[in-house]
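The values are calculated or read from the model by the stated rules, or taken from the named source; none is laboratory data. None of these values were measured; they are calculated from a predicted model. A quick note on method: Cβ atoms are made from the backbone with ideal geometry, for glycine too, and the neighbour counts reach across all protein chains shown.
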Amino acid sequence: MVGREVTAEFQLARSTPSIHQLNHGGDGIDGGGAVEFVSYTVHIPPTPDHQPLYDSVEPTTAERVEDLYVSNSLFTGGHSCPTRAFFKEKVTNSISSHPQMAGAKGSSCSILGCDGKVMTDERGAEIVPCECGYKICWECYREILRDGDAICLGCKAPYEGPDATEDPDMGPMKRRRSSLGLSKKERRLSMMRSRMSLDRAGADDFDHRNWLFETKGSYGYGSAMWPQADMNGNYDEFGNPRVLYENRWRPITRKVNVSTKILSPYRLLIFVRVVVLALLLAWRIRHPNEEAIWLWGMSVICEVWFGFSWLLDQLPKLCPINRTTDLEVLKTKFETATGKSDLPGIDIFVSTADPEKEPPLVTANTILSILAADYPVEKLSCYVSDDGGSLLTFEAMAEAASFANLWVPFCRKHDIEPRNPESYFNLKRDPYKDKVRTDFVRDRRRVKREYDEFKVRINGLGDSIRRRSDAYNAAEEIKAAKMQKKKNGAVDGGNDKLKIQKATWMADGTHWPGTWSCPTAEHSRGDHASIIQVMLKPPSDEPLRSKEFDESSIDLTEVDIRLPMLVYISREKRPGYDHNKKAGAMNGLVRASAVMSNGPFILNLDCDHYVYNSQALKEGMCFMMDRGGDRICYVQFPQRFEGIDPSDRYANHNTVFFDVNMRALDGVQGPVYVGTGCLFRRTALYGFDPPRAVKGEGTGSGLRTWFFSRKAAKEEDAGENASLLPKKFGNSTLFVDSICIAEFQGRPLTDHPSIKNGRPPGALTIPRQLLDASTVAEAISVISCWYEDKTEWGLRVGWIYGSVTEDVVTGYRMHNRGWRSVYCVTKRDAFRGTAPINLTDRLHQVLRWATGSVEIFFSRNNALLAGPRLKLLQRIAYLNVGLYPFTSVFLIVYCFLPALSLFSGQFIVQSLDVTFLGYLLAITLTLCILAMLEIKWSGIGLEEWWRNEQFWVIGGTSAHIAAVLQGLLKVVAGIEISFTLTSKSAGDDIDDEFADLYLFKWSSLMILPITIMLTNLIAMAVAMCRTVYSVIPQWSRLIGGMFFSFWVLAHLYPFAKGLMGKRGRTPTIVFVWSGLIAVTISLLWVSIKPPSGANQMGGSFQIW
């Protein structure tokens, strides 16, 4: 507000906000009022009653038209081709009905000969650019404006509005200006200006708590039902009820420590076991076995390493904790009675690369579960990264967006859980339990019928695309033949075979700009342009209700039918540019989403991990928005799996890691990032230090140092920082400008004196701006193959490159800068996914993880090289991540030792001394008690713990040793390692859910475990025979060797079952084992009862 002409009136209740007088001239302003106009500024945070002027203005017709253009256009571009937008009236053969959906159905254009659809807004209402009501489609409207007349064909009057004249071309790449004269970029940055003004105002001069009660609408506690002043003086100095402060200042999350009755003995036993282990190793070193020094030496070296490895694994478990959230407090703080939400936005990333190994139906179900999540619709955006550039994935996402029009409102109406249709309709429990609405049965049957048809369409997309492409290619060949015949005239040139590229065609009869079924130049998996399609445009700020209802449809008149924004993205790939696999795809999504929606938080999910708990996003947001939440870089959710065999033969659930190790790390500096199911703070991914970081420690750069301390710095320093920004983030100005907005929006509320780095309440209730073509064109630019050249993307910014386990490295870098993470275990699983239950697939998965750990150990990301901000126990945990594959070398040796002992007739000790047996008993007892205590405070089962121990041996003798060899080859010889995607189950094979479990697929990783098993079996048979026929049997050595051999075979038992293949068949290995057992029993029988007349032998075993 300037001068005395104030257009907005504010009705203040109990106190007035602070007013700061700013002198803009060189002369002072005297207090006598000699100057007619006084310049001053009132800094008031945005609230439901006070919104900036640019947000209160309704979008113009031209803005809504361009919003329609953006949501119905396919944008392509890249390094060697300009950015283009192709208007698509349909993206799939199915008919779309939702107003947010690309190619939504509507009435036809009024111009004769045109069958285009009339433009509609986000609520499905038709956009009519002229007051006469003459309906026109987008293509015709653009042609009229391009001609320069801009005259309505109905009333012959010129189209009104500045946009029609200032931008007659309506080109998609031109920057348009709104009716207020602000460009899209300026409107996006207005939030930043408002935030910086609030910073200049100072937190001490403005009491946001008081302003909370001054709003005219219902906000926070609400002024409409203000309690009477008769509560025995339970008011503060401002007249506000103290109960409100107690409720608002209540923490959103709580840390629940493990009971001291469990934790104290647990820590004591760890200390006792360390002491006993040291005594045992000391005794072993002092008492060598002189008769078999080689056997003794190998065993001692292995035992020393096992003790060191166990210590690395056990020390980070000293401080386990649990956490709980309070969603009611979150609702009180961030949700208003008017329907406006003050929660920050979330951008959800779903990554896929190969529709053959990652079925589109699985990905589509994941998308549907995300769109139906219980989070403010206008604050949610979903980005699907198709790294293969497949039309099959593209059309599957379009089909999913179309089916979401029915599925999402159905979930909201009846509170469906889970919101993955495939999982929901395959539930083993009663679907009608706890459902009170009378129309639920009819609605469920309708949705089930529609979903079955949806599955048929998805599963038939491949054939549909193939038939369509063949038809169009045949037409192109006929057309080319006719043109050639016409060109040659009477000359017979039909013998020359035409070379027509076999293109892949979209539903509207145009070439697909991505990968073709028959790859060619610029249309292959490693060579194609960038593609962006807004499948579902951003929703309106107000709830949208369905107006139509008949007996054959679902009654949605009381349900919000809005859908979150859904965007399909395929980044550009070109030969000669390293695309850095999944990490590169994720970084492309980070940049594109920052330009298009800029949610301050990012949730990444694999295509086979869906939202199982619709409130999971709110659960994670509780930690980010609580006190001290601005120092949390990410919230990691545990991975839970479906489709695992009941016995969990290969420890696919991995509960020991997710429920023991991760809970324990949560009490140190936070859990490691495991690649999926993780809610990130966007600015932490940008490589900045956490707020209030100790100066002089670690490396990196603070966000406030980069952006908000420029007025205190010298001009040359500011210029130097500005010149470094393109080197760090790239040359996109819009992306760089979005960083400070994301930082501000990601702050907790300043509703408590202890919050030092917060934002005022109501600042995020501002409506989202409409997308324009220039914004999407900028997103095309930031996902091009050349954008990361000479920047820090993949080095210090975003997902880190150089390792197949980029997830662990990315989390490590954040912890190394001083950030902390949180482990969120919800009562109902937050996300669920699939895991390979086939033995070969499981071993290859473990091989990839172990290879990444070896790469970490031999890289600059080794925890030994970490900075001082990484806590000691966290450093030990990351060191163990890099070292655990090397344990396989010693484990393999130790698995062969029992067999060598049995073959040689020696043992690792000269005699079974009482001291040795005592130490061994103490080691075993402490291990068992520690396991029981871990089971007690973590909640896992004993069988799960034992399965983990078994697979540790299986993986250590197969995949881990291969990972060590591959890692050494990469470090020494520079040989790169490539891995293939793990195939995901399509999820529609109900006849045999565990068919993959019994499928035998040979792999070289199986050679070593099979060798260990056969060697120990043969050694046991040989040792038994030798002892039986010996004159002086050495029973102690036989028992010791047999016990350890049996221990090895017990750990490898699941692996042996995996070799047996399908049920009902007797594999060859069973006959081999049967033969060995038969030979052993026969020899024993001959020894016990030899044939008559034979020489007597057997020593003390002689019976007759």
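Within the stretch 892-902, if we keep just the residues that are closer than 18 Å to Val304 by Cα and touching a Phe, Trp or Tyr at 6+ places or on another chain (Cβ under 8 Å), the residue that is modelled with the highest pLDDT turns out to be Tyr894.
Yes or no, residue by residue, for (1) of a type in the set (Ser, Thr, Tyr); (2) at pLDDT 95 or above; (3) part of a helix (DSSP H, G or I); (4) crowded, with 21+ Cβ neighbours inside 10 Å:
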position: Phe306; (1), (2), (3), (4): no, yes, yes, no
position: Leu311; (1), (2), (3), (4): no, yes, yes, no
position: Glu328; (1), (2), (3), (4): no, no, yes, no
position: Phe349; (1), (2), (3), (4): no, yes, no, yes
position: Thr363; (1), (2), (3), (4): yes, yes, yes, yes
position: Leu368; (1), (2), (3), (4): no, yes, yes, yes
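Cβ separations smaller than 6 Å between residues 6+ apart or across chains give the following pairs from the stretch 508-533 residues that are farther than 16 Å from His79 by Cα to residues that are surrounded by 15 or more Cβ atoms within 10 Å (Cβ to Cβ) and of a type in the set (Phe, Trp, Tyr): Gln533/Tyr568. Just need a number here: residues in the stretch 153-174 that are modelled with pLDDT of 65 or more and touching a helix residue (DSSP H, G or I) at 6+ places or on another chain (Cβ under 8 Å). Total satisfying the criteria: 3.
Could you please let me know if Gly905 is at pLDDT below 95 and at positive phi? Yes: the conditions hold for Gly905. Residue under question is Val914, and the condition is that it be modelled with pLDDT under 95, of a type in the set (A, V, I, L, M) and touching a His at 6+ places or on another chain (Cβ under 9 Å); does it hold? Considered against the rule, which asks whether it is modelled with pLDDT under 95, of a type in the set (A, V, I, L, M) and touching a His at 6+ places or on another chain (Cβ under 9 Å), Val914 comes out as no. Determine which single condition Thr765 fails, assuming it passes every other condition in (1) crowded, with 20+ Cβ neighbours inside 10 Å; (2) closer than 23 Å to Tyr634 by Cβ. For Thr765, the exception is condition (2). Going through (1) modelled with pLDDT of 75 or more; (2) hydroxyl-bearing (Ser, Thr, Tyr); (3) closer than 24 Å to Arg848 by Cα; (4) surrounded by 15 or more Cβ atoms within 10 Å (Cβ to Cβ) one by one, Ser1045 falls short only on (3). Within the set Ala779, Ala773, the sole residue that is more than 27 Å from the chain's Cα centre (by Cα), hydrophobic (A, V, I, L, M, F, W, C) and crowded, with 23+ Cβ neighbours inside 10 Å turns out to be Ala773. Scanning the stretch 413-438 for residues that are within 27 Å of the chain's Cα centre (by Cα) and either assigned to a loop (DSSP other than H, G, I, E, B) or surrounded by fewer than 19 Cβ atoms within 10 Å (Cβ to Cβ) (or both) yields Asp415, Ile416, Glu417, Pro418, Arg419, Asn420, Ser423, Phe425, Asn426, Leu427. Within the stretch 370-412, being more than 24 Å from Gly460 (Cβ to Cβ) and part of a strand (DSSP E or B) holds for Leu380, Ser381, Cys382, Tyr383, Ser385. Checking each residue in the stretch 240-261 for being surrounded by 15 or more Cβ atoms within 10 Å (Cβ to Cβ) and either of a type in the set (Lys, Arg) or modelled with pLDDT of 90 or more (or both) picks out Arg248, Ile252, Thr253, Val258.
Of all the strands (runs of 3 or more DSSP E) wholly in the stretch 585-694, which have at least 1 residues that are crowded, with 24+ Cβ neighbours inside 10 Å?
It comes to 601-606, 632-636, 678-681.
For the stretch 439-450, state whether one or more residues are hydrophobic (A, V, I, L, M, F, W, C), touching a Gly at 6+ places or on another chain (Cβ under 9 Å) and surrounded by fewer than 17 Cβ atoms within 10 Å (Cβ to Cβ).
Within the stretch 439-450, none of the residues are hydrophobic (A, V, I, L, M, F, W, C), touching a Gly at 6+ places or on another chain (Cβ under 9 Å) and surrounded by fewer than 17 Cβ atoms within 10 Å (Cβ to Cβ).
Screening Ile780, Ile739 for residues that are over 24 Å from Leu343 (Cα atoms), modelled with pLDDT of 90 or more and β-branched (Val, Ile, Thr) leaves exactly one candidate, Ile780. How many residues does the stretch 317-344 contain that are farther than 29 Å from Asp659 by Cβ, in contact with a strand residue (DSSP E or B) (Cβ under 7 Å, 6 or more places away or on another chain) and not acidic (Asp, Glu)? Going through the stretch 317-344 one residue at a time, the tally reaches 4. Just one of the listed residues (Ile1088, Ile1012, Ile1069) is under 43 Å from the mean Cα position of the chain (by Cα), modelled with pLDDT under 70 and of a type outside the set (Ser, Thr, Tyr), namely Ile1069.
The residues on offer are Ala963, Ala899, Ala922, and the sole one that is within 30 Å of the chain's Cα centre (by Cα), among the hydrophobic types (A, V, I, L, M, F, W, C), assigned to a helix (DSSP H, G or I) and buried (at least 16 other Cβ atoms within 10 Å of the Cβ) is Ala963. If the condition is being surrounded by 21 or more Cβ atoms within 10 Å (Cβ to Cβ), more than 24 Å from Gln966 (Cα to Cα) and of a type in the set (D, E, K, R), then the stretch 815-854 contributes Arg817, Arg832.
Based on what the data block shows, is Ile940 closer than 19 Å to His1051 by Cβ and not in a helix (DSSP H, G or I)? So Ile940 passes the test.
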